[in-house]
Amino acid sequence: ERDIRAWIKLWNEDPRPFAWVKTADEILERLAGYLQRIKDSGR
């Protein structure tokens with residue numbers, strides 16, 4: 001927790017905008033595949 005709080009403090013001193021590198025469709029497609037693998041692993 002201490003390390004996370006230190007990172008947040010450092011980030012907040014010089015924040016930068018987050019830039020998405022994938023489209024929403026690409027993210028949702030990957031998520032759907034991940035959720036399918038989770039569902040299938042319980043059998």
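The values are calculated or read from the model by the stated rules, or taken from the named source; none is laboratory data. Quick caveat: nothing in here was measured; it's all calculated off a predicted structure. For the accessible areas, the whole protein counts, side chains as well, though only heavy atoms, and no ligand, DNA or RNA atoms are used. Shrake-Rupley method; radii C 1.70, N 1.55, O 1.52, S 1.80 Å.
What to note about this one:
- Scanning the stretch 21-41 for residues that are in a helix (DSSP H, G or I) and open to solvent by 100 Å² or more (accessible area, probe 1.4 Å) yields Asp25, Leu28, Glu29, Arg30, Tyr34, Arg37, Lys39.
- Of all residues making up the stretch 11-20, the number that are modelled with pLDDT under 95 and either among the hydrophobic types (A, V, I, L, M, F, W, C) or in a helix (DSSP H, G or I) (or both): 4
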